[in-house]
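A.B. asks: Just dropping this structure here.
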Amino acid sequence: MMLSDDITGALSLSIIDFILSFVFIAGIGGILYLFPYINKLGEVKENKY
């Protein structure tokens with residue numbers, strides 16, 4: 001897909017970049033949301049004397 005080298009191409013590229021930034025931020029947020037659950041999966045049971 002080629003974008004034209006004028007104002008419409010710049011606007012369409014800006015809109016695509018704006019939407020993809022939300023996708024990446026949501027992806028990072030989803031990974032951070034899963035960290036406590038991943039931590040519980042890898043928890044080691046220790047015997048306390």
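A.B. asks: Considering only protein heavy atoms and a 1.4 Å probe, what is the carbon-and-sulfur percentage of the accessible area of the chain?
C.D. replies: Percent of accessible area from carbon and sulfur atoms in the chain: 71.
A.B. asks: Now for a different question. Kindly provide the helix-only [θ] at 222 nm of the chain, computed as the sum of -39,500 (n - 2.57) over DSSP H runs of four or more divided by all residues, to the nearest 500 deg cm²/dmol?
C.D. replies: When only DSSP H runs of four or more count, the value is -26000 deg cm²/dmol.
A.B. asks: Accessible area per residue, 1.4 Å probe, Å², for the chain: what's the number?
C.D. replies: Details: 5080 Å² over 49 residues.
For the chain, the per-residue accessible area is 104 Å².
A.B. asks: Just grab the label-to-label distance for Asp17 and Lys48, each label 7 Å out from Cα along the Cβ direction, in nm (one decimal).
C.D. replies: Taking the two extended label points, one gets 5.4 nm.
A.B. asks: Quick one, can you get me the convex hull of the C-alpha atoms of the chain expressed as volume per residue in Å³?
C.D. replies: Measuring per residue, one finds 83 Å³ for the Cα hull of the chain.
The values are calculated or read from the model by the stated rules, or taken from the named source; none is laboratory data. Small disclaimer: the values here were computed from a predicted structure and weren't measured. Because the Cβ atoms are built from the backbone with ideal geometry, glycine has one as well, and the counts that use them run over all protein chains shown. In case anyone asks, the SASA skips ligands and DNA or RNA and just uses the protein heavy atoms, side chains included. Shrake-Rupley method; radii C 1.70, N 1.55, O 1.52, S 1.80 Å.
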